[in-house]
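The values are calculated or read from the model by the stated rules, or taken from the named source; none is laboratory data. Fair warning: this is a prediction, and the values are worked out from it, not measured in the lab. Here Cβ is always computed from backbone atoms with ideal geometry, including for glycine, and neighbour counts include all displayed protein chains.
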Amino acid sequence: MHEVKLENAPVMLCAGEALTDMIHRGNEEWVSRVGGSTWNVARALAALGERTAFAGAISNDRFGDALWAASEAGGLDLRMLQRVDRSPLLAIVESEPPSYFFVGDDSADLHFDPTALPAGWMDGLQWAHFGGISLARQPLAARLVDLARELKSRGVRISFDPNFRNLMDERYTPTLEAMATLADLVKVSDDDLRGLFPGLELDAALAKVRSFNPQALVLFTRGAQGASLLRGDERADARSPKIDVVDTVGAGDASAAGLLRSLHHHPERSLQSHLHAALAAGSAACLQSGATPPHAAAMQQLFEQLEGEVS
């Protein structure tokens, strides 16, 4: 049987949730913004020049239209983005203090169907990124874990960012362990560790994550305090470059994208240089308001700045 080849098949795939943030501005004033952790990583990868697809399902209404338009404008491969006649997934965001809850019982994201993706879509795939609340929402989570296992069996490298939210209770633990065990790269923040392992000190929580897959590369971010990159007995530490911060929203997603790009194009780099690439991308995203993807030129400039400081 003739095997179908997908023209310009994606090199990077991000699978999970694309949603609408409903942000409270006070006095019952709300504003909507396109978002979603894995979708933000996809947009950041595309902005940095990677041939990237987002795999997920969105609604057939104005919220879905906005996500589709932003995906198209961001240069994503739209062939993996499915549209279904279900309600949108909404993240209700209270800004002071920052908190989230989600509205989406039987919403569009839960109806993503990996078996309906176009033939040949895996042909050129090098990395697949998973995470966010998509892995805490059934039946979607089970489908995504199965997809990650299939891709791993085909030699695709797996990236995982839990991106903790309060719906990740004890029912999430098996998924956390399964994905961390599969992952070649785990990205986790200090806030993630506090949420995932309440009662554990940060060092103990980080060790817990690493114990699931001791050979995985782990990016541990600490906001303004910088980040660490760990693999086996190796460790690199660095502070973020000095910039005039406009907005930190989406910085973590951008840092994951920057690291994936560095790992894909520059496998010969040292752990320290890979970490610099992650911090440069995250910081470049902070130069703009909202979850806006970083500019490749800004990332490169900040990367060179960080490399120069240690040369």
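All of (1) among the acidic types (Asp, Glu); (2) at pLDDT below 95; (3) within 30 Å of residue 124 (Cα to Cα) hold for residue 184 with one exception: (2).
Quick one: how many residues across the range 1-33 are free of Cβ contacts under 8 Å to residues at least 40 places away in the same chain and either crowded, with 24+ Cβ neighbours inside 10 Å or among the β-branched types (Val, Ile, Thr) (or both)? Looking only at that region, the number is 1.
Screening the range 86-135 for residues that are assigned to a helix (DSSP H, G or I) and among the polar types (S, T, N, Q) and picking the one that is nearest to residue 40 (Cα to Cα) gives 134. Taking the conditions (1) assigned to a helix (DSSP H, G or I); (2) among the small types (Gly, Ala, Ser); (3) on the phi > 0 side of the Ramachandran plot in turn, residue 258 satisfies each one other than (3). Report yes if some residue within the range 49-60 is surrounded by fewer than 16 Cβ atoms within 10 Å (Cβ to Cβ), modelled with pLDDT of 95 or more, touching a helix residue (DSSP H, G or I) at 6+ places or on another chain (Cβ under 9 Å) and over 29 Å from residue 219 (Cβ atoms); otherwise report no. Within the range 49-60, one or more residues are surrounded by fewer than 16 Cβ atoms within 10 Å (Cβ to Cβ), modelled with pLDDT of 95 or more, touching a helix residue (DSSP H, G or I) at 6+ places or on another chain (Cβ under 9 Å) and over 29 Å from residue 219 (Cβ atoms).
Within the range 266-311, being small (Gly, Ala, Ser), closer than 23 Å to residue 127 by Cβ and part of a helix (DSSP H, G or I) holds for 273, 277, 278, 280, 281, 282, 283, 284, 285, 296, 297, 298. When restricted to residues that are more than 16 Å from the chain's Cα centre (by Cα) and in contact (Cβ under 8 Å) with a residue 60 or more places away in the chain, the range 226-260 contains 2. On inspection, residue 70 fails the criterion of being assigned to a helix (DSSP H, G or I), in contact (Cβ under 8 Å) with a residue 60 or more places away in the chain and of a type in the set (Gly, Ala, Ser). What about residue 263, is it in contact (Cβ under 8 Å) with a residue 24 or more places away in the chain and either of a type in the set (A, V, I, L, M, F, W, C) or not in a loop (DSSP other than H, G, I, E, B) (or both)? Yes. For the range 29-67, the set of residues classified as of a type in the set (Gly, Ala, Ser) and part of a helix (DSSP H, G or I) consists of 37, 42, 44, 46, 47, 64, 66, listed by residue number.
Every residue, every condition in (1) among the acidic types (Asp, Glu); (2) surrounded by fewer than 20 Cβ atoms within 10 Å (Cβ to Cβ), yes or no:
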{"residue": "68", "(1), (2)": "no, yes"}
{"residue": "77", "(1), (2)": "yes, no"}
{"residue": "80", "(1), (2)": "no, no"}
{"residue": "85", "(1), (2)": "yes, yes"}
{"residue": "88", "(1), (2)": "no, no"}
{"residue": "92", "(1), (2)": "no, yes"}
{"residue": "103", "(1), (2)": "no, yes"}
{"residue": "107", "(1), (2)": "no, no"}
{"residue": "112", "(1), (2)": "no, no"}
